[in-house]
Structures are given as structure tokens and as C-alpha cells.
Amino acid sequence: MTRQIAFDDRSRQQTHFSTCYMCACRCGIKVTVENDRVRFIQGNPNHPVNKGVLCAKGSAGIMKQYSAAKLTKPLMRRPGARRGAGDFVEIEWDEALDILTARLRDIRASDPTKLAFFTGRDQMQALSGMWAQQFGTPNWAAHGGFCSVNMAVAGLYTIGYSFWEFGAPDWDHAKYFLLWGVAEDHSSNPLKIGLDKLKKRGAKFVSINPVRTGYSAIADEWLPIRPGTDGLLALALIHVLLKRGAIDWEFLIRYTNAPWLVVQTPGMPGDGLFARDEKDNPLVWDHVAQVLSNGHLPDIAPALLASVELPDGRRAKTVFSLISERYLDERYAPESVAAECGVAAATITRIAHEIAHVAFNEAVELPIRWTDMHGRTHDKVIGRPVAMHAMRGISAHSNGFQTCRALHLLQMLLGALEGPGNFRARAPYPRRIPMRTLPENDPTVIFAPDTPLKRMPNGNPTRPEDLVIDKDGKPLRIDRAYSWESPLAAHGMMHMVITNAANHDPYPIDTLLLFMANMAWNSSMNTGDVREMLARTAAHGEYAIPFIVVVDAFQSETVNFADLVLPDTTYLERYDAISLLDRPISEPDAAGDSIRHPILKPDRDVRPWQDVLVELASRLKFPAFTREDGSRKFADYRDFIVNYEKLPGIGFLAGWRGKDGESHLRGAPNPKQWEKYIEHQSFFTYPWPENMRYYRFANKDYLEFAEKHALFGTPPVQVILQMYSEPLQKFRLAGQGLYDGPQPSSPTDRERLATYFDPLPFWYEPLETQGKAREAYPFHAITQRPMMMYHSWDSQNVWLRQIVAQNYLYMNRGSARKLGLADYDWVWVASRHARIRCQLKTMEGVEANTVWTWNAIGRQPGVAGLEPGAPEATAGFLLNHLISELLPKHASDERRLTNSDPVTGQAAWFDLRVSVRKCAPGETGLWPTVAPAKRLPGDDGVRPTILRWTTKRS
Amino acid sequence: MKLGLLIDLDTCVGCHACATACKEWNGSSSVSGPLSDYEPFGADPSGVWLNRVRHYEVGDYPASKTINFPMSCLHCEDADCVSVCPTGASYKRADGIVLVDQEKCMGCNLCAWACPYGARELDQATGTMKKCTLCVDRIYDVLLPPEDRQPACVLACPTHARMFGDFDDPHSEVSRVSADRGGFGLLPELGYAPVNRYLPPREPKPLPGVDDARALLERGLASLASPVIRR
Amino acid sequence: MKPALSIVFFTVASGAGLGLLALLALADLCPVPLLSPAALIRGLPLALLLIAAGLASSVLHLAKPSNAWRAFARFRTSWLSREAVLAALLFPLTFAYLAAVALDTAGMARALLSIVVCLLSWSVLFCTAMIYASLKPIRQWRTGWTPAAYLLLGHWSGALIAIAVAVGYGGEPVSWAWLAAGLGVAALLVKLGYWHHGAADRGGKSALTLEQAIGVPQGVRPPGVSVAQARLFDAGHTQRTFLTDEFVFRIARQHAQALRGAALALGFGIPLIWLATGPRHWAAAASVAVLAIVGLLAERWLFFSDARHTVRLYHGDART
């Protein structure tokens, strides 16, 4: 029988294209609106990132938009109320902006460093970083310091691009794929689309991860690695490749610094630096001509293995000689590392042979003509189709930087970079190594009132002179980034801001401005203490951090600690630019950027944060925002994006530039640029011609084009991949007292530099457990986010919380049995720093010495629009309480060191070690607990018992 | 016609995109929306979902495999949920889709008992049973562009682990892929002849491993002695 | 299955009513006067009352009772529909029969009516049982033991009520006692057989496993192995759902044991022992009947809570 089906009435619907905001993918979405509400959100099939698909987070956008956690009006802490009690009064925008402007004006006019502006999960660092530079404070960063800076810095200092943001695997040609430490929540849709492609082609997918969920579930082979030992595995693979000679010699000679000569004068200045000629070119030994030669010249025949005497009598060895010596040592043999990393020696050997086979016996050749930087034309592109991707399982360890460099070394030895089937760069990368952006470190500039910084707050130091320290070696930044303790902290160290600010160390600040960062909860280590520090009072009853401003679209644990709350719009209510100047949506085969534009009008008194930033910048008369006559340059954010030029013809958006909108990548401002984007489904792609798609670090057509369009600096030069990193060696020399320039005075800092700034990758035990008995804390403890949630943003989502509303600690079933533990047992989980109580669950797919849980499921009662009895509050728990942001003090340390990677300052979340013990009978329930948050003004706390969501009128 | 879904367990990463896309589409659909959510911000949140993803582990550590398992109505050929329904609310169309007529259902739950797969959920607000409709209001909506006339879950799936089509047509993509990869129905022992097909994980292709070491070694030694490599 | 009190009550009450009705009709046909006219005229409305109360209770179970009238629509395929239609027929015919009894008519019409009423009662009881026994996903119910138990338990409880009526208003309590005892023993044996059939550790060929449910035999397993154990890792929701509420009801083992004990003691033990002593007092008879009903409520409650629907496999049970 046919019964009538009622279709949607399309005449009552409007369709808009925009960009999702749920994670860092920035997928293109098609939003159907009906009766002024969101009817349906789906992927845009034309969009380069997601090509029509959409994950659970994006598909649940409706419930994000209609979340009960939305902030509705600017708030001020009620006069007399205690900070952290969440006791607010509503105020008008004008008053809020006046308060903030006055305060910022005072700070800027006296000591700009007193403003600390840190942004969490955002997608417009190009603007906020520029704003901070214009304000004149070095105390700015996004959250990279506790997220992924190890990947970024290791990549940028080694291959000119990096895992995570600035590259992607070539899914169309890869025949073997290694996924290192990638949790469910990263790279979301592109990774998912790519894995399907690999599977359909029969490519082998190996996942190296302590947990077998998510992507690892579908891996052809799962290697349950002990957290923090991935570097050992990578170096053991290298050991086998070296032993077998399965190395792409051509690649090494043409594209890397493997043949460069390294001075060998141990104990003397200059040791370990490259031997250079009088024009500063690196020297190589031409073994045919039997002469030393400038290593940049074409057609020479550099030796890979050589030990020579330089004209001045010093000895030098090639980089590759040093590599061979180090990694052929038995220390890195599979048999030596197997017990440590938990992967059997036979498996390591087999995998090494598999990748060597695929790289060399199954090479891909594409008939593409391309020209290298010496002007030679090649008629094909050869790909050694082994691809890799890596993320937090590598990054969030205190040995993550060197581990990531080990992965890049593996790629280089295989010749598996930037070719078909490899991990390839995404515009505006590759860049030269290292990039020529240095962080502002001139104290006269930094402390100058009413003066922008000359450089950006963040950058890429290459030598001790670039550190952001005063003449006594004291850090100039509140997070102590770019100090002797964390020299290459290229993304800042957000996880140290609150601790340092509360302790007035290195100095007190006045205002902490946090955007979209839940530092009072899951985005901090040591949550309990951080919450105490945010509300800590100093000597005269004033708060240790005098003024806290929190900007967000949604209520959170951190909002409660604000003195001033500025409510932001949601992603469907705002303009945004996902810019090439920031973290773009480029693919390896096409540059790209995208926008968001308002699809809905906000139903509450909120303003887009970018507009507020432009407003503040205008009021404070930042030079870049002010005309000669003192009037403001930009009316609002829209105006700013269209008309601001970082360089002539270079703005935040690359598409449809020029007065007529006909220029791409570079051109004069186009007043109708936003309209053009909206007309084109909110994204712009610039597909690379075939000849510009591969080997871009040596691709003449690409590099010259890129330079013309400010995607590469001037002049365009080949980017030689750095197997051996000289900048590291400079810092090491400083630690050894052999550097002709600034050196650390503290013995602790000297030792750390001497040990960890090894110019070649090596593996070391994570700092957390060095010298400590492992027996006391036998388990590694890590977290991940489930695929349908991101950061702490989704417990407010009615649909998504029905999937996960509480979390458990997962343990290997065999390990649990040995401890007499069973499902749903209440357990004490203890670290050297603290302990928590939670419930256990067992599973097969977790490495036997590891426990893990979903992060950020546990919430404070009453936040995220939830009722106080929500499971997130009564049963969800954070592992963060167990992690200290400081390392234990060793006898030889003068101070407690940050629990971070000693090279980049990356927060070492996953170094956490715990013990797990069954609770006594009756010892049940969450511990510690947190008092419920107060309801915000305007929230009567009434929530529906049944929600019948529809856009149809009844 | 036997319209149904093909679900690939080899590529399902368990992201719940299909479940949420279904929830958002059908929530505002006139066929069976709205789909109630109970205690949406409260202590015991639950709701009506037409598609759910469950997760299993098969085998023992370290050789265990994790299987992500989406389940929605399998639109059985011999659907007992239709025959047990006393009011005729539950019915099977000529194109194979099994639907619940929201006007007729009295909420006796019997169809849910008859369904071995848990495909039906009672909506307390309407007192009626709800289930996957194969997005009948998308696949036949001529005002949608042709590529959009797919179930929401199929469009959303980021690993393309879902396909929609006619299993009665041996040349349809779903039929061909299912035949190629050994697609199977769930619990055929019960005799429901479920139409949806699941694809088991692919067997990985063996690669030359240690045995090829000799060839690689020779290549390595040869290339060291080989013609000079120039920059 | 979650035992819905309304359904538990419905099947026990209407079961007792239908059993009683059938026995009354049969007794009326019997040449031996097992029941006095006074007893019959009071027994019949009592039976109807029990059936009606049960049916009303079952309507309470509906989530949308305003559509209950539609339940007659699918007689062809649905046991519930059949039950509804036949129960609907039963009432007018029983009223007619009651009229015949009240008017003390004799002869073919009354005999025919009593036969029809008896057959209809059996049919309705059978349909009710078949609603459950026809459900393929529930192994415990998929057996001839199910309709056998429903019919015998209905007649057993009906017989105990009949005894009370006979003792109270006139009849042959001793014959009834023998009949009831026979029914009671038969019912008990069938119940034990049913429990044995459905036991958790039994099943053999008929129990389905989690491995079968997700396709382990069809290749859903690690490569290179032919057999592997499956376990639930995550059900896809940390709180409840309709499915967990309805099907994944778990009762603690000691409670299940206690209920079974109560069912056996109250539903069979005490009544059978009392029958052996010879039913003499109306109050005792009524009390025993009530006690037995309580025991049968426990049995029926267990009937639902013991049932392991295949959807439980998908929620982590190893076997049905």
C-alpha cells in the first residue's frame, strides 16, 4: 500500500554555505534554514576539505547553536563577590568596552607586558597575534604550547612543513601508511576520507598507538606501543634500514643536508656546527673531484660518508657519517628497544622491510615535467609511496620534539617526502628552514609604552641571541617561553601562564585576557591548583592576577573566574576568515582559504569577538588600525579583512582580490570580496598546476611563484631538509659553555641544553620518570577525545551528550585481572602529584601498561547549561588533576622546572604515570568534587524534561 | 525492489556521524519527527535515535580487533515487526522500506519485541514507535539535487562506509560490492531475511617482509658502489 | 525484558479469568453437577471481571491508547490482533451464555453457547501465549512450553477460583480439588520444563551468541584466526535508552532466586498442599486462590525478566 510521504516544503527553506567550527578541520557545510531555525547541516560536496561528508560534531551543530550554555550578555563580577563564585551582574556592551578599553589603555601606556592575551581553541591567530603585536605585549600565544608545538617545531626546523597543520598524507598514491599517536579527534574528516581511499586501494595501514579505538580500529596492523617510546621504534626502524642499505641516496644528496660536513672539535667552540666557506656556504666533500665544495652547487658529487680535514686543520665528518654511527649502534637495534617500547623485535624488523619494499620496489612514477632549483627539467616525478601522519601521541611528551624529528628522519632516509604517496606540504608551506620570523626580544621595544612590537610575539629562534630574555637571562614573557628553560617554544606556553602570573614569576601582570580557552578545567594540568591560583589573593587583598577577562560564546568553568565576560557569537552568526596567513584549509594539491558569514541573527546581546578586537584596536589607536589623521581605518572586522594588507596585495583572504575580483593570491583589496566568497560557497581554492605539486622544497616553478605571492620569502631558494639541525647545536654549545654569545648561567639550564639540544634525533626517557622508581607508578595514563566531541565543547550539546555523558578509566583486561580489578570497580588513581577516584572498565585494545580515559567529559556541576545532577558532574572525572605543570625537583635543580619538552616547552600531558588501586568497600563516588557553579544572571535554571526539536511549525 | 544500506565494517571508525546526521534530519522531518530527547540537560539524558553505533572488540589482546558497528533498521524482507503489528501501523512498502504510520501506532511495543536488532524505539511524547525510514523523504524528493537524494547517514559518513541502493538489482553498486566482499545479513538464523548488508573487514594483503631482506641488501650495497650520485 | 506490571497483571488476571471461564463452561456441559446454578451465575461474571480487568490493564500499557481501537486491524498476521478480535467476540457471547444460565434455559442453545465460550476462552488464551511464543528474537519464549504454560496456568488459577466459588455457593469441591490438583501438577511440570529450556547456560544450538550477532563467523574478526571471542566495548551511549529500559533489564541473581522461590511456593506449593487437605472453607479457598495468583504474578514477572532478547547480545550479553 502506498501511504503519503510528507516532504520538506523547499519553498520555505533557504540554503547557505559556510564553514564548520567544531574542530580544526574547517569542513565546508551546507546549512538549510527553515522558519528562522537550522533545519539541516550537511557537508558541502564541492568543498576541498571534506568533499561532502560531515562528522558527528558538525552534524550535531543544530544543538550547538541552540545550546542552553550560550552566554547572552556581557557580565561583570558583582562588586564584592569573590572571584570564582560565578556571581555576576549583566552590563551593557558600551560599559564593558569602556571598562576594558580604559584598562588596556592604562596598561599600554605604562607597561604593555602587563597584558597577557592567550587564545585557546580558535582559528584566527593571525588576527589576535597581530593585535597583540600592535598592542605591544609579547605575552600572547594560542594553545599550541600545550597541544602540538612539538610537531610544528620539529617539522618546521627539519622539513619546512609539519605534521598536523601544515601537511597531509597523499591519499591518492600512498601504498603504506603509518599513523603515529593520532587520537580520534584529530584531522577528523580528511583523515577519514583518506583512510577509506587507502583501504579501497589495498594500501597497508599500520597504527602505532597504545589504544585501539577510532582510526586504529580499522588499521591492518596495530602496534600497541608504550606511551613515550615512539622515538625508539622510529630509530629502530632507521637502524634496520641503514643496516640493509635501504636508503634513498639520491634524495639524501639532492634534497637534504646529509652530505654537509660537521666540525668535530669536541670541547671547543664551533664544535658540531657546519663547516662553511668564506661565503658561509656549507661545505661538502666532492669525492670525485676530491675537493671540498660549496654544498649548494649543482652537479657536484658529495660524499655521504666522509671524514676530512678542513683547510684550517679542524676535522669534519658528514652528517650522514654521524647518522650512521649513531643509529647503527646496537642501542637502536630492534632487539634492544623491543622490551622498552613493547613492540616485538621481529615485528620492528618486518615493518622496516615492508616499508623499504614499498618505498623502493613499488615506487610510483607520474609523467609530470618539473624543474628543480638548478633549472634542470625532469620528465617524471618519482614517489616512494610510504606516507605518515602523527599527532599528540608523539607531541604530548617531554621527548616529543626529538621523537618527531626521528619520524622526519625516517621519511628523509626513505625519500618519502613531498612525492606521490608521501606526506606532502600544504600552502603556505613549505617554508625555508628555519622560517625567518623571530619573536620580539628587544626589551626596549617590549617595555616601551604605546608602541607596537617590531616583530610578532611568536617566532622561530635559531640561536641563543634570539631568546626572549633580558641581559641576565631572565625570561621576558609571562609564560617564560623562549627562555633557557624552553628555547624553541614557538607556540608559547599557555599552560604556564596562570601559574606564573599567580606567582608573579617572572613578574606580575595586570590583565589576563582569555579567549575560548577552558583553562580552569580540562585545558590545564593540575586543575585544582590552577583554579586556586586564578582566585588567589596577594599581599594586600588584591588578586594575584588583578583582572581576568574571558571571551567565549558558551559558559564554561573558566567563565566563572572572570571579572569581565564578553559573550561571543556562534559560528553561524559571524564572519570569519580561515586564512593562508594562519592555519589554512589548503590541501597538498591546492592552496585554499575560506570564510564564515552570518546565517542567523543572534537572539541575544552578543558581538563577534573579531569585531570587538577591531573596535578595541581602533579605540586604542593601534597604528595598523589608525589613519594618519587619527581616525579609525576599519569600521569593523569585515572592513578589516577586505582592506588590511600585511604586504602590498597580501591580505587575510587570498581569493578574488583586485578591484575587479580577478586576481588570486595577491591583489589589491576588493570591496566585494566577502560577496565573492559567499557567492562561491564560502571557500576559495587555487589548484596547483601539475608541475608545482611535488618536491616543492626544490621546485623552481613553485618556489618562484610562491615568492611572488608571498607564500615564500625573498629570494626563493631551495629548502634543504635538515637531518642535522644546526640551531639546536648552537643552543647545545651555549649549554656547554662553548658558544660565542649568550649562555645560561644556571647549571640546570646548561645541563638541559647540553643534553636535549642534540642536533640529531635521539630517544630519552620522559622527564617525568627519569630517576624515579617506575614501580610506584607502573601505568602510563593518557587521554583522548571521542570522535564526536572536541575540547570541552560538546557536553552542552543535547545530542552528543547522549553518546558520552560520563567517562571511565580503561585498563587492559589482563592487567586488571592481575590487580584483582573488574568492570565498574571504584579505584584510586594516584600520581606523584595527586589522586582521584573513579570507575574502571576493562578492554582488550589497550597496551598492557597503559590506562586511558576520554578527556573533558567530566564537568563542574552547573556548567555547560547542564543541570547540577548531570552525569558529567556526578560521574565524569578529569585526569588533569593528577598532572602537575611542574616537574619534581631534583637535588641539583635550583628551581622546579616546567613539565614540558625541554626544547619547545610543549606540555607533557602524556608523560603521566599512575598507580591504580581498588577502593575499599563503601569508598565510592567521584573524588575530588567541585562545588556547583552559580547560575548566570538571566538563567532561571529551568530546563525542559522533554525536548521535541523541530523546525516545522506544528 | 529491496532498498537498503550497505555498511562497511572495514572502514567504519565509529565516529557517530551517521547517527547524528540521522538524528538531525529526522528530527525536523515530517515523516516521524520530532524525535524526543528526555532530560536533555539533566541527570539521565536519553532520546529517540533511529541509528546507533556500538563498539565491540573481537579476539584477545594484543591481537584484538576493534569493530565499530552502526545499526539501524535492516528493512527485512520477512519483517516480523510488520506481521505482529495489530493496528497495521507497521508496514512494508513495495520498494522494501519498512515504515511506521504515526497516525495508527498505538505504542504496544510488540514490533520492538519482534525486531531482533533493536531498530525501533518508542517516542514517549507521541506514544508511537519510530525507526529508520531510509530517509524516504529525501530519496524521493525530486526538489533535491540527485546527488542529495540519499539517506542522511550515507551522505555524512566520512569514510564512505555506507551505501544506499537496491539489493534486488544484481547490477546495483550495493549488490556488486556486497557480492565482491562477502556482505552478510545479521542473524539470518532467525529467518527475517534482513536486506541491509554488512561487509566484513578486508584481509590485509601480505607484503614481502623479512624474506626480501636479501634483495634489499643487495640493492643497498649495489647503490653504494653504483655510479656516482650528483646533486 | 522489562516486566511491565500492567502486562504482568493483564496476563495473570485474564489468564485466570479465561481459565475459569473455560472450566465453568465445561462444568456446565458436564452431566455431573460440578457447580450449582448459584455458583455458575456468580462465577461467570467473576471470570468476565477478571478478563476485563486484565484487558483494561493491557490498554494501560499502550503508549498511545487512543489508537487501541485499531488493534483489530491485522487479524490475518498478528496474534495480538487475533487476541483482540477473539476477546471482543468473547464478551457478547459470554453475556449471551450468562443470560441463558440466568434464565435457566436448557437444551442445545445453552450447550452450544457453553462450547463456543469454552473454545473462545481457549483461543484467547492461546493467542495471548502465541504473542510471546511467536517472537523469534526471544529464545526462552520460542517453545511449545509457552502456550502450554499459559493454558495450564490459566486453568490452574481458574480452577482454584472455581473451588472457592464451589465451596462458597455450592458444587463438588472434591472433584474440583482433584481437577485442580491435576492441572496444578501439570502446570508445575510444564513450568519446570520451560525454565529448563530457557536456562542461561543451556541453549546449545538454539542460543544465539554475540559472535553470531555481529558476524564473527562471516569474517568480523582479527585476520588470520577462525574463531575469536567478542566483547562489548561501548554501547554507544553511557546512559539509558529505550532499548536498555525495555530489554536489558537486569535483576540481581538473588532476587531472581527469591522470586522463583515465591512463584513455586505461593503459586504451586501451598495451594497443592492445601488441596491435599481437602477444600472446606470458603475463606481459605479464596485466600489460597489469591495467594496462588500472587505466586503466578511472580512467575509471570520472571517470565519477562528471564527473557533474553537478541538485542541484549548487541548490548554485550554473550548468549541468549
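No value in this document is a laboratory result; all are computed from the given coordinates. Being a predicted model, the structure only gives us computed values, none of them experimental. A quick note on method: Cβ atoms are made from the backbone with ideal geometry, for glycine too, and the neighbour counts reach across all protein chains shown.
Summing Cβ point charges (Lys, Arg +1; Asp, Glu -1) relative to the Cα centre of chain C gives a dipole of roughly 880 debye. Across the range C:228-320, Cα-Cα distances exceeding 20 Å account for 53% of all pairs. Let me make sure I get this right: for the range B:13-128, a, b and c are the square roots of the gyration tensor eigenvalues over alpha carbons, sorted descending. Under 1.5 in a/c it's rounded, otherwise prolate if a/b > b/c, else oblate. Which is it? Note, shape of the range B:13-128 comes out oblate.
Counted by Cβ distance under 15 Å from A:GLU532, the other residues give a net charge of +1, where Lys and Arg count +1 and Asp and Glu count -1. The order of the peptides A:83-95, A:35-47, A:14-26 by mean Cβ neighbours within 10 Å, most packed first, is A:14-26, A:35-47, A:83-95. Sequence-distant contacts, meaning Cα pairs under 8 Å at least 6 residues apart, place the relative contact order of the range A:782-868 at 40 percent.
In chain A, helical runs assigned H by DSSP with n ≥ 4 each contribute -39500 (n - 2.57); averaged across all residues and rounded to the nearest 500, the mean residue ellipticity at 222 nm is -6500 deg cm²/dmol.
Result for chain C in a Gaussian network model with C-alpha springs under 10 Å: among C:LEU34, C:LEU153, C:LEU125, the largest mean-square fluctuation is at C:LEU34.
The range A:222-290 and the range A:558-574 have their alpha-carbon centroids 49 Å apart. Rounded, prolate or oblate for the range C:186-264? Axes are the square roots of the Cα gyration tensor eigenvalues, ordered a ≥ b ≥ c, and the cut-off for rounded is a/c under 1.5. It comes out oblate by the Cα gyration axes. Computed over neighbours whose Cβ is under 14 Å from that of C:CYS118, the net charge equals 0, Lys and Arg +1, Asp and Glu -1. Averaging Cα coordinates gives a centre for the range C:256-281 and one for the range A:160-202; these two points are 69 Å apart. As I understand it, the dipole of the protein assembly as shown uses +1 on the Cβ of Lys and Arg and -1 on the Cβ of Asp and Glu, about the Cα centre. Which of A:ALA502, C:ALA177, A:VAL550 lies farthest toward its positive end? It is C:ALA177, whose Cα lies furthest towards the positive end.
Here the ratio of the Cα radius of gyration of chain C to 2.2 N^0.38 Å is 1.12. Computed from the alpha carbon atoms alone, the convex hull of the range A:760-819 holds 172 Å³ per residue. By other beta-carbon atoms within 10 Å, ranking A:VAL364, A:VAL942, C:VAL311 with the fewest at the front produces A:VAL942, A:VAL364, C:VAL311. Among B:LEU207, B:LEU99, B:LEU199, whose mean-square fluctuation peaks in a Gaussian network model of chain B (Cα, cutoff 10 Å)? Fluctuation is largest for B:LEU207. FRET efficiency for the pair A:GLN770 and B:LEU144, taken as 1/(1 + (r/R0)^6) with r the Cβ-Cβ distance and R0 = 45 Å, rounds to 0.15. Evaluated at q = 0.05 Å⁻¹, a Debye calculation over the C-alpha positions of the protein assembly as shown (equal weights, vacuum) places log10 I(q)/I(0) at -0.46. Mean residue ellipticity, 222 nm, helices only, chain C: the sum of -39500 (n - 2.57) across DSSP H runs of n ≥ 4, divided by residue count and rounded to 500, is -22000 deg cm²/dmol. Across the range A:626-739, counting alpha-carbon atoms alone, Rg and Dmax equal 19.9, 60 Å.
Mind checking which helices in chain C clear 27 Å along their axis (Cα) and have mean Kyte-Doolittle hydropathy of 1.0 or more, DSSP H runs only? Helices passing the filter in chain C: C:5-29, C:37-60, C:79-102, C:108-133, C:145-169, C:282-305. A Förster radius of 60 Å, combined with the Cβ-Cβ distance separating C:GLN229 from A:ALA448, puts the computed FRET efficiency at roughly 0.30.
Shape analysis of the range A:272-319 places it in the oblate category; the axes a ≥ b ≥ c from the Cα gyration tensor give an a/c of at least 1.5, with a/b not above b/c.
So if R0 is 41 Å, what FRET efficiency would C:ASP104 and B:GLU103 give, r being the distance between their Cβ atoms, rounded to the nearest 0.05? That gives a FRET efficiency of 0.25.
Look at the dipole of chain A built from charges on Cβ: of A:GLN610, A:LEU809, A:PHE697, the Cα furthest out on the positive end belongs to A:LEU809.
Evaluated at q = 0.18 Å⁻¹, a Debye calculation over the C-alpha positions of chain B (equal weights, vacuum) places log10 I(q)/I(0) at -1.43. The separation of the range B:1-71 from the range A:687-728, counted between C-alpha centres, amounts to 45 Å. Placing unit charges on the Cβ atoms of the charged side chains and taking the dipole of the range A:416-570 about its Cα centre, the candidate lying farthest along the positive direction among A:PHE447, A:PRO430, A:ALA538 is A:PRO430. When only the Cβ of Lys, Arg, Asp and Glu is charged (+1, +1, -1, -1), the dipole of the range C:115-252 relative to its Cα centre reaches about 380 debye. For the protein assembly as shown, the dipole from Cβ point charges (+1 on Lys and Arg, -1 on Asp and Glu) about the Cα centre works out to 2640 debye, to the nearest 20. Taking Cβ atoms as reference points and 12 Å as the exclusive limit, the residues near A:GLY155 contribute a net charge of +2, counting Lys and Arg as +1 and Asp and Glu as -1.
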